[in-house]
1. If each of B:Q112 and B:S387 carries a label point 7 Å out from its Cα toward its Cβ, how far apart are those two points in nm?
2. Once the Cβ-Cβ distance between A:S64 and B:D94 is put in as r, and R0 is 56 Å, what FRET efficiency do you end up with, to the nearest 0.05?
3. Provide the buried accessible surface between chains B and A in square angstrom, both chains summed, 1.4 Å probe, rounded to the nearest 100.
4. Could you check the spin-label model distance between B:R367 and B:D267? Points 7 Å from the Cα along Cα→Cβ, value in nm.
5. Can you compute 3J(HN,Hα) from phi for each residue in segment B:112-118, using the Karplus curve 6.51 cos²θ - 1.76 cosθ + 1.60 with θ = phi - 60°, rounded to whole Hz and x for Gly and Pro?
6. Do any of B:K225/B:K313; B:K127/B:K324; B:K127/B:K206; A:K159/B:K313; A:K159/B:K348 go past 32 Å between their Cα atoms, and which?
7. To the nearest 10 square angstrom, how much accessible area does B:K127 have with a 1.4 angstrom probe?
8. Using a 1.4 Å probe, what is the accessible area per residue for the protein assembly as shown, in Å²?
Amino acid sequence: MKKIVISIVLLNLLAACASQKPQETAATPASSPVAAAPAVAMASSAQTYDDALNDPQSILAKRSVYYPFDVSEVQDADKPVVQAHGAYLSKNPARTVRLEGNCDERGSNEYNLALGQRRADGVKKMLELGGAKSAQLDSVSYGEEKPVGSTHDEASWAKNRRTDINYAK
Amino acid sequence: MNIEIIGAGEQQIPVSIVPFGGDEKLGLAIGEVVSGDLQRSGLFRLVDPLGKSPHAPAEVNYADWQVRGTEALAIGTVGAQANGRVEARFRLLDVVKKVELIGQAVSANDGQVRAVGHRIADLIYEKLTGNKGVFGTRIAYVNRQGRQFSLIVADSDGYNEQVVLSQHEPIMSPAWSPDGSHLAYVSFETGHAAVFVQSLYTNQRKVLADFRGSNSAPAWSPDGKQLAVVLTRDGSSKIYLMRPDGSDLHRVSNGSGIDTEPNFSPDGQALLFTSDRGGSAQIYWMPVEGGAAQRMTFGGGTSYSPRYSPDGKSFVFTHLSGGKFYISTQDFQTGQMEMLSEGGWEKKPTFAPNGKLILFASEARGRGILATVSSDGRVKQHMFTQSGDAREPVWGPAQ
């Protein structure tokens with residue numbers, strides 16, 4: 001139990017840092033793949049975000065976690081992302097997310113549907129540990145049915161082994 | 001539909017099909033269907049009639065056909081009847097023994113000319129090979145074109161396609177009811193995987209399972225009284241049984257891993273399924289109402305999508321090893337695994353009702369296609385649909 005409390009405190013600190021970052025964005029045009037936000041960030045030199053979710057420099061701007069082949073546990077590198085979303089959801093109980101698990105095409109469609117569900121459910125569990133309520137979370141799987149990359153190679157597969165954290169508008 | 005055949009049966013029976021007399025156009029159409037069916041099976045060699053066109057036994061000079069090296073000769077007449085039905089009267093003659101093997105009238109509704117051809121091909125196949133024909137059966141598959149997903153039912157040769165459902169969300173895992181009247185399948189139209197059942201007669205459809213998470217992998221029991229489905233409503237993917245009306249839902253597999261792709265044994269007493277309970281995806285067997293499961297596949301690689309052979313003595317599955325999928329069979333008694341393909345992007349194998357052919361999803365020239373392989377691995381066939389990617393094929397029941 002203690003462990004969890006500590007990580008939440010850390011996350012709150014992280015979120016606090018994140019909310020101050022926008023001022024730096026004006027100086028360095030974003031080269032990050034977050035497509036929609038940079039133009040806005042550049043327009044105003046002293047932009048702050050009422051909602052950290054809208055801050056392209058926030059860790060919350062990351063909405064996907066990635067996996068090795070046939071693995072459904074959130075990897076260490078992506079844990080801070082999931083934990084940040086858990087803390088955000090905990091502080092914003094009106095927000096809801098849909099967790100969408102995806103897989104590469106190796107394996108059968110049905111096995112991958114099950115694996116994608118396990119990926120999404122794993123993220124859901126971690127969000128709940130971070131303070132999100134079950135009612136804020138929905139987990140589904142697309143298996144290998146909605147690939148982002150469609151070539152038979154690791155470049156596509158790596159993109160397709162993923163859980164997306166999609167906030168309801 | 002464009003069909004390519006690779007390989008040939010060990011022994012091919014030489015057969016001549018004479019275009020039927022009477023209505024010449026119908027005769028040619030039926031002759032094409034019969035010839036195509038027999039040729040694709042890999043068990044026959046078509047011998048050109050070379051201008052001879054008898055339509056009645058009295059017009060047959062057996063010496064002509066013995067010279068051509070043919071062993072069996074199909075002749076007949078066809079015509080449209082007053083009530084619109086197409087009727088063919090056909091005979092199969094044994095050229096060596098000079099006797100009539102079959103003399104039969106086959107008829108079908110107007111527009112069902114191909115059905116008449118498939119029926120005749122089945123009769124010829126049965127008489128000459130001793131096995132039940134499957135040319136008159138149907139298949140179902142999913143065609144994906146961009147964002148459009150269509151559930152298709154077609155003749156076993158891929159022709160006569162009928163769209164059962166078309167939508168912008170994925171469709172997976174069609175499964176025939178044993179009487180061929182319904183298809184169960186997975187559709188994502190509600191935003192997640194849910195199981196539907198649809199009548200092929202009325203097109204009426206209903207939700208069978210739509211619990212939280214994923215609902216998938218429907219399979220019918222051989223008597224049609226139960227369906228196995230895979231649900232995540234209680235946690236990880238597990239196998240449940242239910243009646244076709246949705247009642248009597250109960251869980252039959254346990255543990256924390258993934259259990260999916262259930263398939264009933266022909267006697268309805270057992271299930272084969274895919275599970276990662278041992279650390280990687282493998283094929284398992286268990287009694288239908290639950291109990292100790294036995295692992296069936298071992299060794300390197302992973303295995304998926306098991307389906308019993310119609311005689312229950314073996315099963316077919318897809319084996320992933322070294323980055324390639326192989327359509328494979330395994331004998332229950334010997335435990336011997338046999339790879340039927342050279343490997344590639346090959347998934348979802350399904351037996352024809354006579355156990356002699358296996359239909360599966362493959363890929364050629366960058367497109368998803370349907371393919372068949374004879375159960376001895378000798379004859380392969382590629383079926384290209386008009387456009388899009390064909391996937392998730394499943395062979396329908398015997399007629």
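The values are calculated or read from the model by the stated rules, or taken from the named source; none is laboratory data. Everything numeric here is computed off the predicted structure, so don't read it as measured data. So basically every Cβ, Gly included, is an ideal-geometry build from the backbone, and we count neighbours across all protein chains shown. Surface accessibility is based on the protein's heavy atoms, side chains included, excluding ligands, DNA and RNA. Shrake-Rupley method; radii C 1.70, N 1.55, O 1.52, S 1.80 Å.
1. A separation of 3.1 nm, rounded to one decimal place.
2. It comes out at approximately 0.25.
3. Details: alone 17300 and 9550 Å², together 24470 Å².
Buried surface at the B/A interface: approximately 2400 Å².
4. Using points 7 Å along Cα→Cβ, the separation is 4.4 nm.
5. Result, rounded to whole Hz: 9, 4, 5, 4, 4, x, 4.
6. Values: B:K225/B:K313 23 Å; B:K127/B:K324 39 Å; B:K127/B:K206 42 Å; A:K159/B:K313 41 Å; A:K159/B:K348 24 Å.
Exceeds cut-off: B:K127/B:K324; B:K127/B:K206; A:K159/B:K313.
7. We get 110 Å² for B:K127.
8. Numbers: 24470 Å² over 568 residues.
Result: 43 Å² per residue.
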